[in-house]
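The values are calculated or read from the model by the stated rules, or taken from the named source; none is laboratory data. Note that this is a predicted model, so its numbers are computed, not measured. Neighbour counts are summed over all protein chains in view; Cβ atoms, including those assigned to glycine, are modelled from backbone coordinates with ideal geometry. All accessible areas refer to the heavy atoms of the entire protein, side chains included, with ligands and DNA or RNA removed. Shrake-Rupley method; radii C 1.70, N 1.55, O 1.52, S 1.80 Å.
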Amino acid sequence: QVQLVESGGGLVQPGGSLRLDCVASGITFSMYDMRWYRQATGKERELVASIGAITRTTNYADSVKGRFTISRDNAKATVYLEMNNLKPEDTAVYYCNAELLHQYWGQGTQVTVSS
């Protein structure tokens, strides 16, 4: 059974930082492209960041470039999203996604940026 379990969300003030973790099980993690998506209330889910399985090439949404960093540790089957200089518009549920031939999703973790 494939599981992606996110953690690390919470309430943070504008300008603050959070790190999201996503631990995968039931897949050969090193072979999967990994992504973080987010969905704010009333909005469509959007791709935030991605990291390739082999090349580890990273890509970011324009709205988070220079503030967010995606990384992975294949030995721990974990993908991370380091978020700095958080803004209220970053408030959303953040989802981990794994893709090879199929896509798998985590349950999401809430990030709220508010003073």
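Counting 0.36 nm for each residue step from Gln3 to Lys43 and taking away their Cα separation leaves a gain of 11.9 nm. Within the chain, antiparallel bridges make up roughly 95 percent of the DSSP beta bridges whose residues both belong there. Calculated on the Cα set of the chain, radius of gyration then Dmax: 13.3, 42 Å. If the segment from Ser115 to Arg67 were pulled out straight at 0.36 nm per residue, it would be longer than the present Cα-Cα gap by 15.4 nm.
Only lysines eight or more places from Lys43 in sequence, or on another chain, were considered; those with a Cα closer than 18 Å are Lys87.
Restricting segment 58-115 to trypsin sites (Lys or Arg not before Pro) that sit in a DSSP loop and have at most 11 other Cβ atoms within 10 Å of their own Cβ leaves Lys65.
Restricting the GluC sites (Glu not before Pro) of segment 4-64 to loop positions (DSSP other than H, G, I, E, B) with no more than 16 neighbouring Cβ atoms within 10 Å leaves Glu44.
On the principal axes of its alpha-carbon atoms, segment 48-115 has extents of 40, 25, 21 Å, going from largest to smallest.
Summed over the residues of segment 1-74 and divided among them, the accessible surface reaches 55 Å² per residue at a probe radius of 1.4 Å. In segment 33-115, the portion of solvent-accessible area held by carbon and sulfur atoms comes to 47 percent [1.4 Å probe, whole percent, DNA, RNA and ligands not counted]. Working from Cα pairs under 8 Å separated by at least six residues, relative contact order for the chain is 37 percent. The residues packed around Leu20, meaning those with a beta-carbon under 14 Å from its beta-carbon, carry a net charge of 0 if Lys and Arg are +1 and Asp and Glu are -1.
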